[in-house]
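The values are calculated or read from the model by the stated rules, or taken from the named source; none is laboratory data. Here the structure is a predicted model, which means the values were calculated and not measured. Virtual Cβ from ideal backbone geometry, glycine too; neighbours counted across all protein chains shown.
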Amino acid sequence: MEITGFTNDNIAKYVKQFFEQMKDEMEDASIKGQNLLTLLKSNSSIWGVAHIPVNLELICSLWSDNDWSKTKALSITALYDSIIEWLCRRHLSRKNVKHEQKRKKAVYELCEAELHFLEVLAFKAMESNTIILPPKLLAETEKETKYSLDKQPELLNIGILKSYGNTSTSNQVTSEQQHYFVHLSFQEHFAARHFLKTLNTANKQEAINFINDHKYNQRFLLVFVFASGLLAQSDYASLIDRFWSTMQGEPIDLVGLKHVKLIIECTEELADQTVFPQKLNLLQIIAEWLDICTKSHAPAITANLIKSLAHTRSLGNTSIIQKAFVHLLLTENEQTQDRALQILLAFHTIEPLPDLLSPLLALIQPGNLRDISSKAWETLRKIGQKAATNEVITALLNALLDQESHVRTRACKTLANIGEKAATNEFIAALLNALQDQESHVRWGACETLGNIGEKAATNEVITGLLNALQDQDWGVRMRACAALGNIGEKAATNEVITALLNALQNQDWRFRLEACKTLGNIGEKAATNEVITGLLNALQDQDWNVRWEACETLGEIGEKAATNEVITALLNALQDQESDVRAGACATLGNIGEKAATNEVITALLNALQDQDSGVTNGACYALKRIGEKAATNEVITGLLNALQDQES
C-alpha cells in the first residue's frame, strides 16, 4: 500500500482548481480558495496534513461549506473533528436521515455506533502496532463493542476506512477483507477519542497505564496531541486535570528533553483554546528549557527543541515565553543572544508584545555582531505587519539611509513584509529613492515592498519608477518590478506599462516572460487589447511549459474579451500539449470564456479531454463543459460526464 503525497506546488494548484470549478455555485470561489491557502500556510501542522491528497480533498470540501478565515484557534484536532462531522453528515444523507438542522453533538449521537466501533478499532490497531486491520481485529472489536457487522455493515462505511486489495468499484467496505484508515492520522485521532473516554470510566487505570507506558514513544505522540486537543471540548473538559497530572507524574524522562518536547506538542494543541490550571506551570517549564538551551553548549539539545517549536502557532505569543526571550536578548552574552534569536526564529508566527520589539531594535544597531544583527533583522521581517509600531518604522526609515548596503537591504526586506502599513508618503518617497540604490538587493527590496503595498502605492511617480526598473541590468530587480506592477493591478494599466510588458514577453529569460504573463493577468480586462491578446497567443507557443500554462491562465483572467477565433484555435491546440498543466489550463480558460467558446470543435475536444489520464485535465474539462452551458447539453456530453464521475468515485 502506497499513499503518494502532494508537493507544496501540488497543494496550491489543487486548491485553485477545486474552487475554480465552484465558480457557478459560489460567487467568491476564487477568494475562498486564496483564503484557504493562506490559512493552510499559516499553520504548519495543518499544512503538513494537507500534503495528504485525501485530507486536502476533505479540507477543500469543508472549506466550501464553512469559513475558518476568522478562526484563530483552528488546531489540527479541531480540523479532524470537523472532517469527521462532515463525513458523518454525508453518511446520514446517504441513509436518508435528516440532519441539516442538527448541531454536531446530535449528529454524533446519530452516528454513535459507527464512531464507537471506529474508536475501539483504532485503539486496538495502535496497541497492536498495525495499520493493516485484519478480519481478526474487526472480530475482536465486534466482541468488545457488542456490535455485529453482519447486522450493521454500515459501521465500516462512514468514509474513514478503505478495503485493502479490493479491486471492486463499489464503495462498500466488507468485514471479510483487510482494511486501513484513509490515513494513519485518522487512526490516531479515533484512538485518542477512545483513550479519553476510557479515562472517564471505571476502567480509567487502563488509560493511565497507557500514558505511563507510551508517553515517550514517538509512535504514540499524535495520539496524545489529539487527546490534548480534545480536552478543549466540553465533552472532555472534566478530564484535563486527570490527563495532565498523569502526564506530569512518574515515570519522568531523566534528561528531561523528551518530556519538554511532549509538553510543547500537547500544550500547543490547547494553548489558545482554553484556560486550565496546569497551563502556567507548563509554560514555565518550557521557558526554563529555553534558558537551558541558550546558555548551554549543546547544539543537539537546541536543535531538538527548535524542531518541536517549529510546529507551534501560539506558544511563542504567550507572555511567559516572550518575557523569557526578552530576558535572554537583554543579556550581554553574545552566544546567548544568538541562540535566543535562533530559537525565536523557529516559531511559525510571532505576535510581539511591546517589550519584545525594543531589544530586537537594539540588536540591529551598529556595534552588534553581524550574525546577531542579521538574525534580529530576520525576526523583525518574520513578525511583519505586527511590527509596524512608530518606533520600528522610524528605525527602518533611518536604516534606509545607512551607509552599509546590507543594512539598507535588510530594511527594504523588512518593509516588504510590513506591506500596506508602510504606505505613508514619507516611506514611499524613501522607497523611490531606494529604486536608484547602487546595491541591487536594495532595489530588489524596494520593488518588493512597493508591490506588497499594492494599490496604495499607485502614484504616477511609483509606476514610472517601476517602469524604469523593468530595464534594470539585474534580472532580480526586473522580475520584482514586474510583479509589483501586477500587485498594483488595474491602476498600473497605462499604455506605457502594457507596452513594456509586451516587450517583456519577448525576453530571453523564461522567468521574466512568465512574470510578464502573470502581471497582464493581474491587470485583467484593462489589458485586453488586440496587441496583448496577440502577445499571449505567441506565449502559448513558448518553448517553456510554465509560460504556456501562464498564458492560458492570463487569457482566462481576461475572459470573454479573449473569445476570438484565433484564441479558441490556439486553446484547442493547447489541449494537445504534452504537459498536463497546460492542458488543464486550456480547459479552465475555455470554461472562463464560457458560451462564446461553445463550438462543435471545442465540445468535441473537451469530450476527448474527459478521457485524459491526468485528473486535473478531466476536472478542467468537466468545469469547461459546465460553464459552456446548454449548448454542451448533448447526450454524448452527458454520457462523458457520467463516465468521468464514475471514474472519480472508483
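Annotations for the structure displayed:
- Taking helices (runs of 4 or more DSSP H) as the structural unit, those lying wholly within the range 11-95 and holding at least 1 residues that are free of Cβ contacts under 8 Å to residues at least 40 places away in the same chain and charged (D, E, K, R) correspond to 29-42, 53-65, 76-94.
- Single condition residue 3 does not satisfy, out of (1) modelled with pLDDT of 80 or more; (2) not assigned by TED's automatic domain parsing to the domain that holds residue 83: (1)
- Being surrounded by 15 or more Cβ atoms within 10 Å (Cβ to Cβ) and either of a type outside the set (A, V, I, L, M) or in contact (Cβ under 8 Å) with a residue 40 or more places away in the chain (or both) is a description that does not apply to residue 475.
- Only listed residue being farther than 23 Å from residue 563 by Cα, surrounded by 19 or more Cβ atoms within 10 Å (Cβ to Cβ) and within 33 Å of the chain's Cα centre (by Cα), chosen from 500, 516, 504, 527: 504
- Of all the listed residues (485, 536, 571), the sole one being crowded, with 23+ Cβ neighbours inside 10 Å, in contact with a helix residue (DSSP H, G or I) (Cβ under 9 Å, 6 or more places away or on another chain), modelled with pLDDT of 90 or more and closer than 30 Å to residue 434 by Cα is 485.
- Answer residue from the range 20-61, given it is farther than 27 Å from residue 346 by Cβ and either touching a Leu at 6+ places or on another chain (Cβ under 8 Å) or among the acidic types (Asp, Glu) (or both) and is surrounded by the fewest Cβ atoms within 10 Å (Cβ to Cβ) among those: 25
- Among the residues of the range 164-176, none qualifies, meaning not one is within 29 Å of the chain's Cα centre (by Cα) and among the polar types (S, T, N, Q).
- Residues satisfying the stated conditions in the range 436-456, i.e. touching a residue at least 12 places away in the same chain (Cβ under 8 Å) and either surrounded by fewer than 20 Cβ atoms within 10 Å (Cβ to Cβ) or acidic (Asp, Glu) (or both): 437, 438, 439, 440, 441, 448, 454, 455, 456
- In the range 612-650, residue nearest to the chain's Cα centre (by Cα) [restricted to those that are modelled with pLDDT of 85 or more and surrounded by fewer than 19 Cβ atoms within 10 Å (Cβ to Cβ)]: 614
- Candidate set from the range 249-261 (those that are out of contact with any Asp or Glu (no Cβ under 8 Å at 6 or more places or on another chain), at pLDDT 90 or above and within 15 Å of residue 221 (Cα to Cα)); member that is surrounded by the most Cβ atoms within 10 Å (Cβ to Cβ): 260
- Checked against the criteria, residue 402 does not count as among the acidic types (Asp, Glu), surrounded by fewer than 17 Cβ atoms within 10 Å (Cβ to Cβ) and touching a residue at least 24 places away in the same chain (Cβ under 8 Å).
- The requirement of being out of contact with any Leu (no Cβ under 8 Å at 6 or more places or on another chain) and surrounded by fewer than 21 Cβ atoms within 10 Å (Cβ to Cβ) is fulfilled somewhere in the range 426-434, by at least one residue.
- Complete set of residues in the range 306-337 that are under 24 Å from residue 265 (Cα atoms) and exposed (fewer than 14 other Cβ atoms within 10 Å of the Cβ): 307, 310, 319
- Tally of residues being surrounded by fewer than 20 Cβ atoms within 10 Å (Cβ to Cβ) and either at pLDDT below 85 or within 21 Å of residue 310 (Cβ to Cβ) (or both) across the range 75-95: 1
- Single residue of the range 129-147 satisfying the filter (in a loop (DSSP other than H, G, I, E, B) and of a type in the set (Val, Ile, Thr)) that is nearest to the chain's Cα centre (by Cα): 131
- If only residues of the range 405-438 that are at pLDDT 90 or above and not in a helix (DSSP H, G or I) are counted, the one that is farthest from residue 456 (Cα to Cα) is 438.
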